[in-house]
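Have a look at the structure below, then the notes.
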Amino acid sequence: MYYTLAGFLAGFGVSMTEGRGWYAADLRFALQAGAYAGILAVIVYTGRSYYANVFRSALGLRHAGVVEPSSAWGARVFMLCSALFAAMLTASGLDWQLSIAFTALVMGIFVVIGRISAETGCIFIQPYWEPAAFIVGLAGMRAIGPSTALIMFFASTVVLIDTREPLMPFVLNSFRILDRRGVRAHKAGLFAGLALVIGLAVAVPTTLYVKYDRGTDLTKAWLRGVPRLPFDATVRVTQRLRAQGELERAESVRGWGRIASASPSGTLLVGFAAALGLYLVLSALRLRFPRWPLHPVFLLLWAVTPSRRFVASFLIGYVVKGAVAKYGGERACRLVKPLMIGLIAADMLFGITTSLVGGIYYCITGTPPPRFVVLVG
C-alpha cells in the first residue's frame with residue numbers, strides 16, 4: 001500500500017523522501033508522525049477514565065474506582081523523570097516551552113512503540129520520525145534558529161536514533177505475561193528496576209573503558225555517520241537562513257516569540273493531518289464494526305524498514321494460522337503450535353551457532369569470518 005501511494009504521488013512529481021538526511025521532515029516523516037499522533041489519541045481516549053484516576057491518585061486527589069498503588073507510584077516516577085528530562089534540556093539551552101514539547105513527543109513515541117508491539121508482536125520497530133525535526137518543521141527555521149535546533153538534534157540522536165529493539169515493548173510484554181500468571185506488578189517492577197540499575201552500572205563503565213582503550217572502528221559508515229547527523233542537519237538550517245538573510249533574526253527569537261515567528265512546513269502539515277485523520281477514521285470504523293478488515297496499525301509500519309524485512313514472515317504465519325484454524329479447528333492449532341515454536345527455536349539456534357563458530361574462527365586464525373546477518377532484508 002505504501003509503494004502504491006508513493007508511485008501514485010511520484011506520477012505527479014511528489015516525492016515521499018527528499019533525500020536530505022535523517023532529520024528531513026519530508027512527506028514520509030509527516031505521515032509517520034501523523035499516524036503516531038493518531039494512535040496516541042486513541043490510547044488516551046479509550047483509557048481516559050483509567051489514566052485520570054491513576055494520575056489523580058498519584059497527586060493525592062480524590063478519584064473513582066480502584067487504583068493499584070504500584071500504578072500510582074509508576075505515575076509519580078513517570079512525572080518526576082519527565083520533569084527531570086525537561087529540566088536537563090532547559091539547562092542545556094532550550095527554552096522551557098520547547099523542553100516540555102520535546103519531552104512530550106519523546107514520551108509519546110515510546111508509548112506508541114510499546115503499543116505497536118502489543119498490537120502486532122513486532123519487536124524491531126523504527127518510528128522514522130523524531131521530535132527535533134518535527135518541531136523545526138512545525139515552527140519553521142526562522143522561529144527555532146540553528147543553536148536551538150542543534151541542541152534538539154543532539155537530544156534526538158542520543159535518545160531516539162534508530163530505536164530498532166527498544167526496551168519499552170519488552171517490558172510491556174513481560175509484564176503482560178506476568179499478569180497472566182497472577183504475579184503482582186509491583187513485585188515485578190522492583191526486580192525490573194533493580195535489573196536496569198545493575199545493567200547500567202555494568203554497561204556504562206564497560207563501554208567507556210572499551211571505547212577509550214580500544215577506540216572506535218571509524219571505517220564503518222554508521223559509526224561515522226551518526227555523530228555527524230546533528231551537525232549536518234544544523235548546517236542545512238544555517239545555510240538556508242543565511243541565504244534568506246534571516247540568520248541573525250532567527251538566533252534572537254526566544255520563548256513565546258517563536259509562535260509569532262512560526263512558518264510551518266506545508267508538507268509536514270498536510271502529511272501529518274492526512275495520516276492523523278485516516279488513522280482516527282479507521283480506528284472509529286474498527287471500534288464500531290467488529291468485522292472491519294483493516295487494522296489502522298498498518299499506517300505506523302508501512303513505510304519503515306522492519307516491515308520490509310518481516311512482511312513475508314508475517315504473511316506466511318498469517319496464512320498458516322488461518323488455514324490450520326479454518327480446516328483443523330482449535331485442536332489442530334494446539335498440535336501445530338510445537339512445530340512453529342520448533343521452527344523459531346531452530347532459527348535462533350542457527351544464528352547463535354553461526355556467531356559461536358565465527359568467534360572461534362577468529363580466535364584461531366585472527367581473521368574476521370565472512371559477514372553473517374540474521375535479519376536479512
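The values are calculated or read from the model by the stated rules, or taken from the named source; none is laboratory data. Here the structure is a predicted model, which is why all the values come from computation and not from measurement. Here the Cβ positions follow ideal geometry from the backbone for every residue, glycine too, while neighbour counts run over all protein chains shown.
Just to check your reading of the model, which residue among R184, R164 is surrounded by fewer than 19 Cβ atoms within 10 Å (Cβ to Cβ) and under 22 Å from T17 (Cβ atoms)?
R164
Just wondering, is there one or more residues in the stretch 179-201 that are assigned to a loop (DSSP other than H, G, I, E, B), touching a residue at least 12 places away in the same chain (Cβ under 8 Å) and closer than 24 Å to G74 by Cβ?
yes
Here are the criteria: (1) of a type in the set (A, V, I, L, M); (2) closer than 30 Å to S252 by Cα; (3) outside the structural domain of L294 (by TED's automatic domain parsing). Tell me which single one V202 does not satisfy.
(2)
Given the stretch 2-92, what helices (runs of 4 or more DSSP H) lie entirely inside it while holding 1 or more residues that are closer than 29 Å to T234 by Cα and out of contact with any Asp or Glu (no Cβ under 6 Å at 6 or more places or on another chain)?
Passing ranges, in order: 2-10, 27-46, 69-91.
Looking at the stretch 81-97 only, could you name the residues that are buried (at least 19 other Cβ atoms within 10 Å of the Cβ) and touching a residue at least 24 places away in the same chain (Cβ under 8 Å)?
L89, L94
Does at least one position in the stretch 13-27 carry a residue that is β-branched (V, I, T), over 17 Å from the mean Cα position of the chain (by Cα) and within 26 Å of R228 (Cβ to Cβ)?
Looking through the stretch 13-27, at least one residue is β-branched (V, I, T), over 17 Å from the mean Cα position of the chain (by Cα) and within 26 Å of R228 (Cβ to Cβ).
Restricting the stretch 98-151 to residues that are hydroxyl-bearing (S, T, Y) and under 20 Å from V235 (Cα atoms), which is surrounded by the most Cβ atoms within 10 Å (Cβ to Cβ)?
So, considering only residues that are hydroxyl-bearing (S, T, Y) and under 20 Å from V235 (Cα atoms), the one surrounded by the most Cβ atoms within 10 Å (Cβ to Cβ) is T148.
Among (1) in contact with a Leu (Cβ under 9 Å, 6 or more places away or on another chain); (2) surrounded by 12 or more Cβ atoms within 10 Å (Cβ to Cβ); (3) assigned by TED's automatic domain parsing to the domain that holds A35, where does R236 come up short?
The number of the failed condition is (1).
Looking only at residues in the stretch 310-359 that are within 26 Å of the chain's Cα centre (by Cα) and among the small types (G, A, S), which one is nearest to I123 (Cα to Cα)?
Checking each candidate, the answer is S313.
Which one of S92, S57, S71 is over 19 Å from the mean Cα position of the chain (by Cα), under 30 Å from R254 (Cβ atoms) and of a type in the set (S, T, Y)?
S92
Just one of (1) touching a residue at least 40 places away in the same chain (Cβ under 8 Å); (2) more than 28 Å from V112 (Cβ to Cβ) trips up K337, so point out which.
(1)
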